[in-house]
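Worksheet for the structure shown next.
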2 protein chains.
Amino acid sequence: MNNKKLLTKVRTYATSANLGPGFDCAGMALNIYNDCSIFLNKKDSCVALKGQNISEIAKDENNLICRTIKKVLEKKYAENFAQYEKPLEIICEINVPVERGLGGSSTAVVAGLLIANKVYDLNLSIRELFNIGLEIEPHPDNIAACLAGGLVISYKSKSGNYDFEKISIKENFKILLMIPDHKVNTSKARKLIPDLVPKEDAILNIANFAILINRLKEGNLKDATDFIRDKLHQQYRRDIYPDSLKLVEELNNIYQIPAAISGSGPSALAFIPENTFETFYSQSLVKLKKKFSDFEFTLTSISNKGSYCY
Amino acid sequence: MNNKKLLTKVRTYATSANLGPGFDCAGMALNIYNDCSIFLNKKDSCVALKGQNISEIAKDENNLICRTIKKVLEKKYAENFAQYEKPLEIICEINVPVERGLGGSSTAVVAGLLIANKVYDLNLSIRELFNIGLEIEPHPDNIAACLAGGLVISYKSKSGNYDFEKISIKENFKILLMIPDHKVNTSKARKLIPDLVPKEDAILNIANFAILINRLKEGNLKDATDFIRDKLHQQYRRDIYPDSLKLVEELNNIYQIPAAISGSGPSALAFIPENTFETFYSQSLVKLKKKFSDFEFTLTSISNKGSYCY
């Protein structure tokens, strides 16, 4: 084992997309991460995994990390990429839940982007990596937040490429994740939303998301249950995460804690403002855990650091 | 003349709604205002007007100010309102252009709200006045900004009532208004937008408006032409303000100056960042005035003060 050559390590973060009204553009990096160590291998590339619920993750070159590395090389060297390719052994410790709406697949794509950039010494910018990543996994919200850290809004720029804006906010809250024991397939979840949406619903999301951003910047989440409301995704997907949506509605309407589905679910997240910590942990959380006993409740915070090699 | 009793004066501000992506929710008060003096009259209420393009404004009790005053009294005193009603003479100096997308009718509604509150000593809160105003003129974006001043986002709250959020921003820019010599009827303009809109267009507006708010708060309008873009109103209304939209597009794409149609048009507005003042006034503005000679170019700024009695 000692003669394996360590090329780099990479840490990639869980992310929560949408944040209620920020449908398909908001993403937030969380302090839950996967660590991978990358060694030069003898022959083919392979992946070894440690963690929960990882049985369905490919361990050969079909692994999302390996596919992303190959995609980066293809973008860089076109048809000549194979001559540059090195066989890698990638050993991963997986802490980000898989298919739970916490950006699990973005952690793999971003790991692949950063590994390729480092191991092949490509010097690609974060925005170049971002746009390559989108060719593998077309969810700019999760990928941008995973790459850049913090709260990020992704958008399609005039050039037609995606870009992102990192939003500096006051972090006087914790994030409560509520993770149920079932999966949601993101592409199936996407199909539940119609191509045309009511204008009034779009207006509600535009207003609410801008107010949410304003309040996060001001560090004031008073009455935030009013403007974390969304009309563009959660209601259409109720059937694939009925209990999660019940939990979100209970947090917003009974406990006055701003909550939303994370990405396409089934996990939910809530913002717990500093000044409500004590009451929330000592009273509300106990009741919620009892009533929603199928959920794992995890307290975390924003990771302002983006994913990185070390 | 000297024996007329002055009850109050009221100053109400022009407003620009939408600001590009903030469709039907963003409003900004501008330093252009109407002043009215309110006297106790002998018999019926009447309105006297000074200013440009005022020939179509009613001068009797059908005037929007008088109708709003009556509506406030009705809301307060129900069927008994008539016994409280005083005949008023309202003398107005109109500086806010009429039917140009600059909130002209909101200046009248807000004047009526503030006059009623003051003259009848009603002590209604700004949010109560706001919701009464919406019964007369259902444009929360203009009314909220006219009442509260500054940059305001209006939204439909959980309760079903409209509410608004005033956004504190760094004001390191001027506002350039470009006002053409024709009118747009707001309710006709509203009918041009379909009830259902493409999901992707909604997402673009959600992302862009939140980024615009972030940048206005940070005082950084670099590359703002990218995220002042809108897909939900301007393109549908091209035929009612073709030259205005050409001007907006030229500002954004050639001069790199973030610009948008004001409200439902036909006026346009542009944000002129401080660090571009010199080049803009000495070079770009001259060319624009020459090319778009049917427009009146007016330089103004945000009014952070809301409308008020004095």
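If residue A:307 passes every condition in (1) under 30 Å from residue A:127 (Cα atoms); (2) open to solvent by 40 Å² or more (accessible area, probe 1.4 Å) but one, which one does it miss?
Among (1) under 30 Å from residue A:127 (Cα atoms); (2) open to solvent by 40 Å² or more (accessible area, probe 1.4 Å), the lone unmet condition for residue A:307 is (2).
Identify, by number, the condition in (1) at pLDDT below 95; (2) closer than 19 Å to residue A:309 by Cβ that residue A:98 doesn't meet.
(2)
Just one of the numbered conditions (1) open to solvent by 40 Å² or more (accessible area, probe 1.4 Å); (2) within 18 Å of residue A:308 (Cβ to Cβ); (3) touching a residue at least 12 places away in the same chain (Cβ under 8 Å) is not true of residue A:143; which one?
Unmet condition: (1).
Test residue B:125 against the criterion of being touching a Cys at 6+ places or on another chain (Cβ under 8 Å) and either among the small types (Gly, Ala, Ser) or crowded, with 19+ Cβ neighbours inside 10 Å (or both), and give yes or no. Walk me through it before giving the result.
Numbers: touching a Cys at 6+ places or on another chain (Cβ under 8 Å): no; either among the small types (Gly, Ala, Ser) or crowded, with 19+ Cβ neighbours inside 10 Å (or both): yes.
Here the answer is no, as residue B:125 does not meet what is asked.
Does at least one position in segment A:222-234 carry a residue that is farther than 26 Å from residue A:107 by Cα, small (Gly, Ala, Ser) and not assigned by TED's automatic domain parsing to the domain that holds residue A:17?
yes
Name the strands (runs of 3 or more DSSP E) wholly within segment A:1-67 that hold at least 3 residues that are closer than 15 Å to residue A:101 by Cα and under 13 Å from the mean Cα position of the chain (by Cα)? Let's see the steps before the verdict.
Working: elements: A:6-17, A:26-40, A:46-51.
In segment A:1-67, the matching strands (runs of 3 or more DSSP E) lie at A:6-17, A:26-40.
Report, by residue number, each residue of segment B:71-87 that is closer than 18 Å to residue B:5 by Cβ and either at pLDDT 95 or above or part of a helix (DSSP H, G or I) (or both).
B:84
For segment B:210-235, what are the residues that are at the interface with chain A (Cβ under 8 Å from one of its Cβ atoms) and among the polar types (S, T, N, Q)?
B:214, B:225 - these are the residues of segment B:210-235 that are at the interface with chain A (Cβ under 8 Å from one of its Cβ atoms) and among the polar types (S, T, N, Q).
Examine segment A:147-158 for a residue that is open to solvent by 10 Å² or more (accessible area, probe 1.4 Å) and assigned to a loop (DSSP other than H, G, I, E, B), and state whether such a residue exists.
Looking through segment A:147-158, at least one residue is open to solvent by 10 Å² or more (accessible area, probe 1.4 Å) and assigned to a loop (DSSP other than H, G, I, E, B).
Of all residues being open to solvent by 10 Å² or more (accessible area, probe 1.4 Å) and farther than 18 Å from residue B:93 by Cα in segment B:5-31, which is modelled with the highest pLDDT? Just the residue, please.
Looking at residues that are open to solvent by 10 Å² or more (accessible area, probe 1.4 Å) and farther than 18 Å from residue B:93 by Cα, I get B:24.
May I ask you to list the residues in segment A:190-209 that are aliphatic (A, V, I, L, M) and either in contact with a strand residue (DSSP E or B) (Cβ under 8 Å, 6 or more places away or on another chain) or away from chain B (no Cβ under 14 Å) (or both)? Spell out the reasoning first.
Initially, segment A:190-209 is screened for residues aliphatic (A, V, I, L, M), giving A:192-193, A:196-197, A:202-204, A:206-207.
Residues satisfying the conditions are A:196, A:197, A:202, A:204, A:207.
Going by what's in this entry, would residue B:35 be described as open to solvent by less than 50 Å² (accessible area, probe 1.4 Å), acidic (Asp, Glu) and in contact with a helix residue (DSSP H, G or I) (Cβ under 8 Å, 6 or more places away or on another chain)? Lay out the reasoning, then the answer.
On the way: open to solvent by less than 50 Å² (accessible area, probe 1.4 Å): yes; acidic (Asp, Glu): yes; in contact with a helix residue (DSSP H, G or I) (Cβ under 8 Å, 6 or more places away or on another chain): no.
Considered against the rule, which asks whether it is open to solvent by less than 50 Å² (accessible area, probe 1.4 Å), acidic (Asp, Glu) and in contact with a helix residue (DSSP H, G or I) (Cβ under 8 Å, 6 or more places away or on another chain), residue B:35 comes out as no.
So is residue A:75 touching a helix residue (DSSP H, G or I) at 6+ places or on another chain (Cβ under 8 Å), open to solvent by 40 Å² or more (accessible area, probe 1.4 Å), more than 30 Å from residue A:197 (Cβ to Cβ) and in contact (Cβ under 8 Å) with a residue 12 or more places away in the chain or not? Full working, then the answer.
Details: touching a helix residue (DSSP H, G or I) at 6+ places or on another chain (Cβ under 8 Å): yes; open to solvent by 40 Å² or more (accessible area, probe 1.4 Å): yes; more than 30 Å from residue A:197 (Cβ to Cβ): yes; in contact (Cβ under 8 Å) with a residue 12 or more places away in the chain: yes.
In short, yes.
Can you work out which of the residues in segment A:186-226 that are open to solvent by 60 Å² or more (accessible area, probe 1.4 Å) and of a type in the set (A, V, I, L, M, F, W, C) is modelled with the lowest pLDDT?
Within segment A:186-226, the match that is modelled with the lowest pLDDT is A:192.
With the requirement that a residue be outside any helix (DSSP H, G or I) and touching a helix residue (DSSP H, G or I) at 6+ places or on another chain (Cβ under 8 Å), what does segment A:111-128 give you? Let's see the steps before the verdict.
Narrowing segment A:111-128 to residues outside any helix (DSSP H, G or I): A:120-125.
Hits for segment A:111-128 are A:120, A:122, A:123, A:124.
Give the residue that is surrounded by the most Cβ atoms within 10 Å (Cβ to Cβ), with candidates limited to residues of segment B:159-182 that are more than 14 Å from every other protein chain (Cβ to nearest Cβ) and in contact with a Pro (Cβ under 7 Å, 6 or more places away or on another chain). Walk me through how you get there before you give the answer.
If we filter segment B:159-182 for residues that are more than 14 Å from every other protein chain (Cβ to nearest Cβ), which is where we start, we get B:171-182.
Right, trim to in contact with a Pro (Cβ under 7 Å, 6 or more places away or on another chain) and you get B:172-173, B:179-180, B:182.
Values: B:172: 13, B:173: 22, B:179: 20, B:180: 20, B:182: 14.
Among those that are more than 14 Å from every other protein chain (Cβ to nearest Cβ) and in contact with a Pro (Cβ under 7 Å, 6 or more places away or on another chain), it is B:173.
Which residue pairs have Cβ atoms closer than 6 Å, lie 6 or more positions apart in sequence or on different chains, and pair a first residue in segment B:247-273 that is modelled with pLDDT of 95 or more with a second residue that is assigned to a strand (DSSP E or B) and of a type in the set (D, E, K, R)?
Going by the 6 Å Cβ cut-off, the qualifying pairs are B:272/B:174.
For every residue, the table says whether it meets (1) of a type in the set (Ser, Thr, Tyr); (2) surrounded by fewer than 22 Cβ atoms within 10 Å (Cβ to Cβ).
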residue	(1), (2)
A:86	no, yes
A:92	no, no
A:95	no, yes
A:98	no, yes
A:112	no, no
A:115	no, no
A:120	yes, yes
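Go through segment A:276-299 residue by residue and tally those that are in contact (Cβ under 8 Å) with a residue 60 or more places away in the chain and either open to solvent by 30 Å² or more (accessible area, probe 1.4 Å) or not assigned by TED's automatic domain parsing to the domain that holds residue A:213 (or both).
Residues in segment A:276-299 being in contact (Cβ under 8 Å) with a residue 60 or more places away in the chain and either open to solvent by 30 Å² or more (accessible area, probe 1.4 Å) or not assigned by TED's automatic domain parsing to the domain that holds residue A:213 (or both): 6 in total.
Could you identify the single residue in B:237, B:229 that is open to solvent by less than 10 Å² (accessible area, probe 1.4 Å) and closer than 16 Å to residue B:23 by Cα? First the steps, then the outcome.
Values: B:229 fails: open to solvent by less than 10 Å² (accessible area, probe 1.4 Å).
Unique residue meeting the criteria: B:237.
Within segment A:232-252, which residues are outside any helix (DSSP H, G or I) and farther than 15 Å from residue A:294 by Cα?
Let us first name the residues in segment A:232-252 that are outside any helix (DSSP H, G or I), namely A:232-233, A:241.
Those that are outside any helix (DSSP H, G or I) and farther than 15 Å from residue A:294 by Cα: A:232, A:233.
List pairs: first in segment B:1-24 and among the β-branched types (Val, Ile, Thr), second part of a strand (DSSP E or B), Cβ under 6 Å, 6+ apart or cross-chain?
Pairs found: B:8/B:38; B:8/B:309; B:10/B:36; B:10/B:309; B:12/B:34; B:15/B:27; B:15/B:29.
The values are calculated or read from the model by the stated rules, or taken from the named source; none is laboratory data. Keep in mind that this is a model prediction, so the values were computed, not measured. Please note: Cβ atoms are built from the backbone with ideal geometry, for glycine as well, and neighbour counts cover all protein chains shown. Areas reflect the complete protein model, heavy atoms only, side chains present, ligands, DNA and RNA absent. Shrake-Rupley method; radii C 1.70, N 1.55, O 1.52, S 1.80 Å.
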